[in-house]
Every structure is written in C-alpha cells, then in structure tokens.
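Worksheet: the structure to be examined is printed underneath.
The values are calculated or read from the model by the stated rules, or taken from the named source; none is laboratory data. Here the structure is a predicted model, which means the values were calculated and not measured. Note that each Cβ is placed from the backbone with ideal geometry, even for glycine, and that neighbours are counted across all protein chains shown.
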Amino acid sequence: MRQLNRNRALVLFSGGQDSSIALAWALQQFDSVETIGFAYGQRHKVELDARQNVRQILIQHDPDWKQRLGPDHIVDLAGFGEISETALTRDTEIVMTEAGLPNTFVPGRNLVFLSVAAGLAYRRDIAVLVAGMCEEDATGYPDCRADTLKAQLGALRLGLDADMRLETPVLHITKAQSWAFAQTLGGTRLVDAIRIHSHTCYKGVRDVHAWGAGCGACPACQLRAEGWQAYVSALSPMDLD
Ligand code: ZN
C-alpha cells in the first residue's frame with residue numbers, strides 16, 4: 001500500500017457554511033492544504049465566486065493559514081451535470097420528492113466528488129481528504145451518511161492501494177454547533193467572515209440577512225437561518241463582549 005503524505009490535506013470545498021468551516025479546521029491541522037471544487041452545470045456562478053472570497057478571507061485571517069493554503073483545483077464535471085436532472089442543474093422549483101428527498105439531491109453526487117478528489121489527492125501525494133458533510137443534511141442525502149462515507153473510503157483505499165484518510169469535522173454536529181466550532185477555531189472574527197462570505201442558498205440569491213446571504217426561503221436558507229438563531233441564542237452575554 002502506498003504511503004501518502006499525512007501532513008497534506010485536500011478539502012472538498014463548495015464555498016458553503018460547512019465546507020468553509022472544514023477548510024478553516026484543516027488549515028489549523030495540516031502543513032499544506034489544497035482545495036477542490038466542482039463545476040457540474042450548477043446554475044449559479046455565485047457559488048464558485050464565494051469559494052474564492054472565502055479562501056481570501058481565510059488567508060487574511062491568520063498568517064500561518066496563508067502559509068499553508070495551497071492551490072485551488074476546479075474540476076469540470078459538466079458531463080455529470082447532464083445526467084443529474086434536478087433543481088440544481090435545471091431551472092425547476094425546489095420541492096420535496098415522493099422519496100422524502102429535496103429535489104436538489106443530485107443522485108450519487110458526493111460519491112463522484114470523493115472519487116475525483118481521491119484521484120487528485122493521490123497524484124499530489126495528499127493522504128487526507130477533508131469534507132464538510134453534515135449529519136443534519138445527511139437525513140436528506142444518503143451519500144453524506146457516515147455509513148456511506150466509511151464504505152466509500154474503504155473502496156478508495158483498496159482501489160488506489162493507498163493509505164487515504166477521510167476527515168469530516170462537522171459530520172456529527174448541528175449547524176448551530178458548527179458556528180460554535182468556528183468560534184473555537186478563529187473567534188468571532190472568523191465566524192463573521194464565514195457568515196458573510198460563504199454561500200449556501202440553492203437559488204443563488206445574495207440578499208443580506210443576520211445569518212448571511214441568501215433568499216431566506218429555500219430549504220438551505222431556512223436550515224442556515226435556524227442554525228444561526230440557535231447559535232446566537234446559546235451565546236451567554238459574556239460571549240458577546
Ligand atoms: Zn435560499
């Protein structure tokens with residue numbers, strides 16, 4: 001089995017709340033951190049712009065993080081977008097399907113992303129994949145569940161014959177807890193920077209709200225708004241100083 005460099009990490013980075021916090025965590029943990037993003041026919045260039053903005057604010061946040069953050073890789077998966085006939089890739093309304101999944105679910109999307117990321121990591125001698133999957137989403141997205149991730153990592157290790165690892169720092173915490181986690185990584189300044197610059201809205205809207213930018217009505221905005229409200233409510237008066 002090939003030994004890859006365990007001080008190097010590749011973050012699957014969408015520019016959303018969870019993967020931005022995962023990127024900040026990785027910058028604290030590893031000597032060298034690269035990012036990978038996927039263009040797969042998303043309707044919203046705004047997501048790709050948010051990625052660049054978040055990378056910028058993280059290198060401004062901490063001189064050590066600036067030293068550690070390496071290149072960004074954008075992989076064009078337009079062909080995959082063509083087979084994903086859902087609200088993310090076509091102009092259709094976001095609704096819950098009969099299977100109990102939001103139709104923003106792109107079947108197998110995270111399986112594909114992890115496989116492509118693993119291929120890139122192997123070529124760049126990176127042992128650690130970092131992904132911002134979150135259990136709160138996992139109820140709707142079966143390829144974000146812990147069992148799925150464990151099985152896929154096993155397949156990747158066998159298929160690459162390499163000691164690849166997978167870190168999911170926000171998998172088992174809520175959206176509210178992930179803000180508290182960001183607070184421990186970089187204080188209120190980091191929380192505010194990620195809140196302002198990250199993007200989660202399915203509709204690509206950047207209207208300004210207390211919890212960040214978005215339309216305020218789609219499922220992603222609702223989840224984010226609820227998480228922020230729960231985080232703020234849990235802060236003691238001392239934390240607000
Ligand atoms: Zn929205």
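Out of PHE181, PHE105, report the one residue that is at pLDDT 95 or above and among the hydrophobic types (A, V, I, L, M, F, W, C).
Only one candidate passes the filter, namely PHE181.
Out of all the residues in the stretch 201-236, which are β-branched (Val, Ile, Thr) and assigned to a loop (DSSP other than H, G, I, E, B)?
Going through the stretch 201-236, the residues β-branched (Val, Ile, Thr) turn out to be 205, 208, 232.
Scanning the stretch 201-236 gives a single hit, VAL205.
Has the stretch 140-150 got at least one residue that is within 13 Å of the ligand (Cβ to nearest atom), among the β-branched types (Val, Ile, Thr), over 16 Å from the mean Cα position of the chain (by Cα) and surrounded by 16 or more Cβ atoms within 10 Å (Cβ to Cβ)?
The initial filter retains those residues of the stretch 140-150 that are within 13 Å of the ligand (Cβ to nearest atom), namely none.
No, every residue in the stretch 140-150 fails to be within 13 Å of the ligand (Cβ to nearest atom), among the β-branched types (Val, Ile, Thr), over 16 Å from the mean Cα position of the chain (by Cα) and surrounded by 16 or more Cβ atoms within 10 Å (Cβ to Cβ).
Between a first residue in the stretch 160-175 that is touching a residue at least 40 places away in the same chain (Cβ under 8 Å) and a second residue that is among the hydroxyl-bearing types (Ser, Thr, Tyr) and surrounded by 17 or more Cβ atoms within 10 Å (Cβ to Cβ), which pairs have beta carbons less than 8 Å apart while being 6 or more apart in sequence or on different chains?
Sorted first by the residue in the stretch 160-175, then by its partner, the pairs are LEU160/TYR122; ALA162/TYR122; MET164/TYR122; VAL170/SER178; LYS175/TYR231.
Just for the stretch 16-34: of the residues that are among the charged types (D, E, K, R) and under 12 Å from GLY70 (Cβ atoms), which one is surrounded by the most Cβ atoms within 10 Å (Cβ to Cβ)?
Of the residues in the stretch 16-34, the ones among the charged types (D, E, K, R) are 18, 31, 34.
Narrowing the set further to residues that are under 12 Å from GLY70 (Cβ atoms) leaves 31, 34.
Details: ASP31: 13, GLU34: 22.
Selected residue: GLU34.
Name the one entry in ALA213, ALA193, ALA182, ALA217 that is of a type in the set (A, V, I, L, M, F, W, C), within 16 Å of the ligand (Cβ to nearest atom) and under 22 Å from LEU23 (Cα atoms).
After ruling out the rest, the residue left standing is ALA213.
Identify the residue in the stretch 163-194 that is within 15 Å of the chain's Cα centre (by Cα) and part of a strand (DSSP E or B) and, among all such residues, is nearest to CYS134 (Cα to Cα).
Filtering the stretch 163-194 down to residues within 15 Å of the chain's Cα centre (by Cα) leaves 166-175, 178-179, 181-182, 194.
The next check asks that each one be part of a strand (DSSP E or B); those that pass are 166-167.
Details: LEU166: 14, GLU167: 12 Å.
The extreme case among them is GLU167.
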